[in-house]
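Chemist: Starting off with a structure, shown below.
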Amino acid sequence: MSEDPAQALAAVVPPELRELLRGRQLVLTRPVGGPHAGRHASTRAGLGDQFRGHIPYTPGDDPRRIDWRAVARRDRLVLRQTDSEDALATVLLIDASGGMAYGTGPGNKQRHAAAIAGAIAHLALRQGDRVGFACGRDGALELAQLRPHGGAPRLAALAQALLREPTGTCPWPALIAAAAPALPRRSLVLLFSDLLDPDPADPDSDARLLHDLAALRSRGHDVVLVQVLHRDELQFPWSGRDLWRFEDPRGAREPREGHAPSLRAAYLERLGAHLSRLEHGCADAGLHLHRCVSDQPLTAALLGLLARLAGRPQPAEARP
Amino acid sequence: MSLLAPLMLLGLLGLGLPLLAHLRGREEPKRVRFAGLRFLGASDEVVTQRRRVRDGLLLLLRLALLLLLVLALTRPVSTGDARVAVLGEPHDAVLLLDASFSMNLARDGVSLRSASEDTAAAILEALPPGSRVGLVTTDPGGPRRELGADPERVRAAIAEWVAAAPRAGAWTLESGLPRAVALLRQAGEGQPGAAGRRVVYAIGDFTGRGLASLPPTAAADIPVLPVAASGRLDDPPPVPEHMSLESASWVPAREIDPRAVRISGAVRRHGGAGERGLAVLLRVDGEVAARVEVVAPADGLAAFEFTHIGAGVGPTPASVELAELADDPLPGDEARHLWLTGEDNVEVAIVNGDPSEMRAHDEVYFLATALAASASARRLRIHSLAPDQLAARLRDGDRLADVDVLVLANLRAPAEDIAPALRERVAAGMGLWISVGDRVEAGAYNERLGELLPLLLREPLVVGTAPGRSEAHSEGVAPPDLTHPIFLGLQGELGLLGTRTRRVFLLEPDPSRGAEVALSFTSGAPALISRPFGRGRVALLTTSIDRDWSDLPLRPGFVPLAERVLSWLDTGHPGAAAGQIVAGEPRRIAADGPVTVHTPDGRELVLPPEARR
């Protein structure tokens, strides 16, 4: 893998998506906060373009900041204050479990997720934001790049991680627990996963995941769950008289055998209930859930995600 | 109903395979690695193995298809007649009829030839509609019909052929197959679309030249279906008892009389039980000359021999016949016809190594003149050959079969490449008389004909130059050795006394060669020396037969000498003569292309190379 960020990006982000990124920005609805200057409106006052208000002059303040027109109106010395513009800390938590390996060609879930993650990271790094990421792969955590950092090497490292074959399980509780202390204030946390089976060992894993994420949200981070699904997982297309053997790509569950027609109805029912629970859970906890299907255009998926982050309505084609 | 390929029924074992697959076959599931496995509840139906026959209809269909395939591969044939098996589907057929002599064998008064007409008719009747049929016989002049849909053509041709008199010279059924195949191929080319199954129905008897000669297939895609002209293939009927004259040949019997011939042969008895006596007649010139009784064992041979003296001058017609066999089931093989000649001509070929335009100087003038004056001149036929003519004849593959005695007169030496043929011919019975002269090259002779020379040649010697004999200028000829076969029965003087020989050829002494000196010079040196070689004889005259080295040819004794030498050299072996061939005896003829045979009735048979016998 090349260290050249452009080449690294090209490996995970397809050309049409790179074309789309030209001139776009990662914009959040709410202010960010952090020690580094950036482009995002901050919660604190500082150097920026956005007028924040007037504060009384106290000796020692920089006289150049006195708003003389306001002084004339108010007959006392006031200073013009603007919002600071800070850099956004974006942390990508990536599910690299075997379940993400499903699908062939551009419809591969991991490939889809990687393209979106790569595009987001590229946007963020390009506008001076800082990006960190962590993966859960084969039951282990990859935390080396978790602390957000700017610069091209980070993009190359991300591309490298995204190109690796997903396998095994992703230990979500441990990943979130490890990530939480390392998050700077008011970070943007993006989870890339299918969210179908967060922890095969725990029957209550969905609720626990939502709980952990809600805890992050409560600390002021924006949490976005990018759920990447395959069309087969949504529709269960198998039919006919053939005998099928369904195996767990994570290797954690016992395989199931049977004829597709006899399995389909129950599967769809359970899946529907699961997705519905997830949606409600996210809504309740103030988490953003962005669902995309891997056979949909990447551009639509990315535009939808950017719109959701910016608080705009999602384009119609971005909805699964 | 019978099957052309019954072994294919083993394919029925294959029926077990689908059955087993349907009974025992575990359906191999298709594998999917599926992330949503969690939502496939354990309460869903999980099937791991089939315990009963599934897809019954499919199984039946598979079994039926396999059964049909196997049955088709066995090539079932329908049997309209109990004896006749015919392919059940429309096809191209050629009837190949055995026209050999043995088909004239009568069983219960009906010859196999007539029975084959009924058999052919049964086949024609049993042929499924849409078939085409053609006809070929093993008689080279027999009827031949192209393939056609109308069997009546073939039926009529067979009836006509059966009604005609049997002819000799038929091929074996196997040799007739190529003609049948050619007929089928020819028809197939004309109608490429109709090229379906093709079968040759070979109708014949059970003899070695009949059905027993047949291969299982005529060509890669054309099976041969043997059909017995009479009886069943799997149960051949016993051969009715009949007698045949197996062989009859004659050789001259000179030891008895110059005009005596010895006629020998054998009678074969086919079938029967116990011993049976019968008479064999020798008929010469239409008159019964002799009769002999022989006893033939069941299925065996009985030999006979006649000695006949007094066959007239020139060829005399004779026949050997089995007497009192009016009711023999196979008529026509009870007699053999021969031409007897008591006096066998002696063909003498003289190779002149030193020819001259002046007759008196010619090498063989004196010999030819002497022989013409001899008592046996009538039976001597003398030809003169140049050395290159001799070589050309031998190189052309002529084995000098018509030459009884070859005289090499002052020949330098036979060419190297013809020497083996000469040796072979002498070993087979030809006589060889070598006389020397100026041109003879001893080394070449020794190298090429040394194997058969009585003694190896050394060098010519001028008489009187030998150490210790310088005073003599010529040699005389000593009286002949009367114990030598050449001079057997000689009365009185030969007439060679006073011969003066100036030059002689010296010879290498070698007792192991078994040479006999018939005539010697007064010095003791051999003048005429002889030796048997194989079935032939060789004589070597150590001086010339013209006047170059000796005045021998001028002596009165030269005529009887030449006559006796030639008589002795002529072994009279039948194989040495042009060869007497009895009808029915195999005769091998070397030729490259097809051979045209002119038969006595004026027909011309062109024999393909493989059928030349």
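Chemist: Please work out if B:ARG336 is charged (D, E, K, R), part of a strand (DSSP E or B), farther than 20 Å from B:LEU453 by Cβ and open to solvent by 60 Å² or more (accessible area, probe 1.4 Å).
Modeler: no
Chemist: Within the set of pairs 6 or more residues apart or between chains, which connect a residue that is at positive phi inside region B:507-532 to a residue that is open to solvent by less than 50 Å² (accessible area, probe 1.4 Å) with Cβ atoms less than 8 Å apart?
Modeler: Sorted first by the residue in region B:507-532, then by its partner, the pairs are B:GLY514/B:ARG531; B:GLY524/B:ALA478.
Chemist: For region B:514-574, which fully contained strands (runs of 3 or more DSSP E) count at least 3 residues that are surrounded by fewer than 23 Cβ atoms within 10 Å (Cβ to Cβ)?
Modeler: Numbers: elements: B:516-520, B:526-533, B:536-541.
Filter on region B:514-574 gives B:516-520, B:526-533.
Chemist: For B:ALA120, are the conditions met, namely being outside any loop (DSSP other than H, G, I, E, B) and out of contact with any strand residue (DSSP E or B) (no Cβ under 8 Å at 6 or more places or on another chain)?
Modeler: Judged against the criteria, B:ALA120 is not a match.
Chemist: Taking region B:200-242 on its own, how many of its residues are open to solvent by less than 50 Å² (accessible area, probe 1.4 Å), of a type in the set (Gly, Ala, Ser) and either in contact with a Phe, Trp or Tyr (Cβ under 6 Å, 6 or more places away or on another chain) or at negative phi (or both)?
Modeler: The number of residues fulfilling the criteria is 9.
Chemist: In region A:253-268, what residues are at the interface with another protein chain (Cβ under 8 Å from one of its Cβ atoms) and over 32 Å from the mean Cα position of the chain (by Cα)?
Modeler: A:ARG256, A:GLU257, A:GLY258, A:HIS259, A:SER262, A:LEU263
Chemist: Here's another thing I want to ask about it. Does any residue in region B:27-44 that is in the same structural domain as B:ASP55 (by TED's automatic domain parsing) come within less than 9 Å, Cβ to Cβ, of a residue that is surrounded by fewer than 12 Cβ atoms within 10 Å (Cβ to Cβ) and at pLDDT 85 or above six or more places away or on a different chain, and which pairs are these?
Modeler: Sorted first by the residue in region B:27-44, then by its partner, the pairs are B:LEU37/A:GLU254; B:PHE39/A:ALA273; B:ALA42/A:GLU254.
Chemist: To continue, here is another question. For region A:228-263, which positions are open to solvent by 40 Å² or more (accessible area, probe 1.4 Å), under 21 Å from A:LEU195 (Cβ atoms) and in a helix (DSSP H, G or I)?
Modeler: Result: A:ARG231, A:LEU234, A:GLN235.
Chemist: Going through A:SER218, A:SER205, A:SER187, A:SER193 one at a time, which residue ends up being within 30 Å of A:ASP86 (Cβ to Cβ), out of contact with any Phe, Trp or Tyr (no Cβ under 6 Å at 6 or more places or on another chain) and within 11 Å of another protein chain (Cβ to nearest Cβ)?
Modeler: A:SER193
Chemist: For region B:475-510, give me each residue that is assigned to a strand (DSSP E or B) and either among the polar types (S, T, N, Q) or open to solvent by 30 Å² or more (accessible area, probe 1.4 Å) (or both).
Modeler: Hits for region B:475-510 are B:THR501, B:ARG503, B:LEU506.
Chemist: Now, a different point. Return only the number of the condition from (1) part of a helix (DSSP H, G or I); (2) over 15 Å from A:LEU162 (Cβ atoms) that A:GLY128 does not satisfy.
Modeler: Here A:GLY128 meets the rest and fails (1).
Chemist: Next question, about the same structure. Has region B:270-279 got any residue that is out of contact with any strand residue (DSSP E or B) (no Cβ under 9 Å at 6 or more places or on another chain) and either at pLDDT 85 or above or open to solvent by 10 Å² or more (accessible area, probe 1.4 Å) (or both)?
Modeler: So in region B:270-279, the residues out of contact with any strand residue (DSSP E or B) (no Cβ under 9 Å at 6 or more places or on another chain) come out as B:273-274.
Imposing the further condition that a residue be either at pLDDT 85 or above or open to solvent by 10 Å² or more (accessible area, probe 1.4 Å) (or both) reduces the set to B:273-274.
Scanning region B:270-279 turns up at least one residue that is out of contact with any strand residue (DSSP E or B) (no Cβ under 9 Å at 6 or more places or on another chain) and either at pLDDT 85 or above or open to solvent by 10 Å² or more (accessible area, probe 1.4 Å) (or both).
Chemist: Among the candidates B:THR307, B:THR369, single out the residue that is open to solvent by 50 Å² or more (accessible area, probe 1.4 Å) and outside any strand (DSSP E or B).
Modeler: Testing whether each residue is open to solvent by 50 Å² or more (accessible area, probe 1.4 Å) and outside any strand (DSSP E or B) leaves just B:THR369.
Chemist: I'd like to check something: does region A:224-243 contain any residue that is within 14 Å of chain B (Cβ to nearest Cβ) and on the phi > 0 side of the Ramachandran plot?
Modeler: Scanning region A:224-243 turns up at least one residue that is within 14 Å of chain B (Cβ to nearest Cβ) and on the phi > 0 side of the Ramachandran plot.
Chemist: May I pose another question? Looking at A:GLY53, is it at positive phi and open to solvent by less than 40 Å² (accessible area, probe 1.4 Å)?
Modeler: Against the criterion (at positive phi and open to solvent by less than 40 Å² (accessible area, probe 1.4 Å)), A:GLY53 qualifies.
Chemist: While we're here: Return the residues of region A:158-200 that are free of Cβ contacts under 8 Å to residues at least 40 places away in the same chain and either charged (D, E, K, R) or assigned to a helix (DSSP H, G or I) (or both); say none if nothing qualifies. It would help to see each step written out before you state the result.
Modeler: Filtering region A:158-200 down to residues free of Cβ contacts under 8 Å to residues at least 40 places away in the same chain leaves A:171, A:173-174, A:177, A:180-181, A:198-199.
Once the filter is applied, which keeps residues that are free of Cβ contacts under 8 Å to residues at least 40 places away in the same chain and either charged (D, E, K, R) or assigned to a helix (DSSP H, G or I) (or both), region A:158-200 yields A:PRO173, A:ALA174, A:ALA177, A:ALA180, A:PRO181, A:ASP199.
Chemist: Moving on to the next point. Which of the residues spanning region B:250-291 are assigned to a strand (DSSP E or B), of a type in the set (D, E, K, R) and without any contact (Cβ under 8 Å) to a residue 40 or more places away in the chain? Spell out how you get there, then give the answer.
Modeler: Initially, region B:250-291 is screened for residues assigned to a strand (DSSP E or B), giving B:250-252, B:260-270, B:276-284, B:287-291.
Adding the requirement that they be of a type in the set (D, E, K, R) leaves B:262, B:268-269, B:276, B:283, B:287, B:291.
Of everything in region B:250-291, those that are assigned to a strand (DSSP E or B), of a type in the set (D, E, K, R) and without any contact (Cβ under 8 Å) to a residue 40 or more places away in the chain turn out to be B:ARG268, B:ARG269, B:ARG276, B:ARG283, B:GLU287, B:ARG291.
Chemist: Additional query: Just checking, does region A:166-178 include any residue being open to solvent by 30 Å² or more (accessible area, probe 1.4 Å) and over 22 Å from A:HIS221 (Cβ atoms)?
Modeler: yes
Chemist: A further question follows. Taking only region A:42-88 into account, find how many residues are among the aromatic types (Phe, Trp, Tyr) and outside any loop (DSSP other than H, G, I, E, B). Steps first, answer last, please.
Modeler: To start, the set of residues in region A:42-88 that are among the aromatic types (Phe, Trp, Tyr) comprises A:51, A:57, A:68.
Cutting the leftovers down to outside any loop (DSSP other than H, G, I, E, B) gives us A:51, A:68.
Result for region A:42-88: 2.
Chemist: Do we find that B:ARG564 is within 23 Å of B:THR341 (Cβ to Cβ) and modelled with pLDDT of 85 or more in this structure?
Modeler: Yes; evaluated as a whole, the condition is true for this residue.
Chemist: For region A:269-284, which residues satisfy the criterion of being touching a residue at least 24 places away in the same chain (Cβ under 8 Å) and within 11 Å of chain B (Cβ to nearest Cβ)?
Modeler: Hits for region A:269-284 are A:LEU271, A:HIS274.
Chemist: Condition test on B:ARG458, is it farther than 20 Å from B:VAL565 by Cα and assigned by TED's automatic domain parsing to the domain that holds B:ALA428? So that I can check it myself, show each step before the final result.
Modeler: Working: farther than 20 Å from B:VAL565 by Cα: yes; assigned by TED's automatic domain parsing to the domain that holds B:ALA428: yes.
For B:ARG458, the condition - farther than 20 Å from B:VAL565 by Cα and assigned by TED's automatic domain parsing to the domain that holds B:ALA428 - is met.
Chemist: Now for a separate question. Does region B:380-398 hold any residues that are closer than 25 Å to B:ARG564 by Cα and under 27 Å from the mean Cα position of the chain (by Cα), and which are they?
Modeler: The answer is B:LEU390, and nothing else.
Chemist: To continue, here is another question. Inside region B:162-177, can you point out the residues that are open to solvent by less than 70 Å² (accessible area, probe 1.4 Å) and under 22 Å from B:LEU225 (Cα atoms)?
Modeler: Listed by number, the residues that qualify are B:VAL162, B:ALA170, B:TRP171, B:THR172, B:LEU173, B:SER175, B:GLY176, B:LEU177.
Chemist: Among the residues that make up region A:285-305, is at least one of them under 26 Å from A:GLY168 (Cα atoms), open to solvent by 40 Å² or more (accessible area, probe 1.4 Å), in contact with a His (Cβ under 8 Å, 6 or more places away or on another chain) and away from chain B (no Cβ under 14 Å)?
Modeler: yes
Chemist: Okay, moving on. Name the residue that is least open to solvent (accessible area, probe 1.4 Å), counting only residues in region B:139-161 that are part of a loop (DSSP other than H, G, I, E, B) and either closer than 28 Å to B:PRO76 by Cα or of a type in the set (D, E, K, R) (or both).
Modeler: If we take residues in region B:139-161 being part of a loop (DSSP other than H, G, I, E, B) and either closer than 28 Å to B:PRO76 by Cα or of a type in the set (D, E, K, R) (or both), then B:ASP139 is least open to solvent (accessible area, probe 1.4 Å).
The values are calculated or read from the model by the stated rules, or taken from the named source; none is laboratory data. Remember, predicted model here, so these are calculated numbers, not experimental data. Neighbour counts run over all protein chains shown; Cβ positions are idealised from the backbone, glycine included. Heads up: the accessible areas ignore ligands, DNA and RNA and are worked out on the full protein's heavy atoms, side chains in. Shrake-Rupley method; radii C 1.70, N 1.55, O 1.52, S 1.80 Å.
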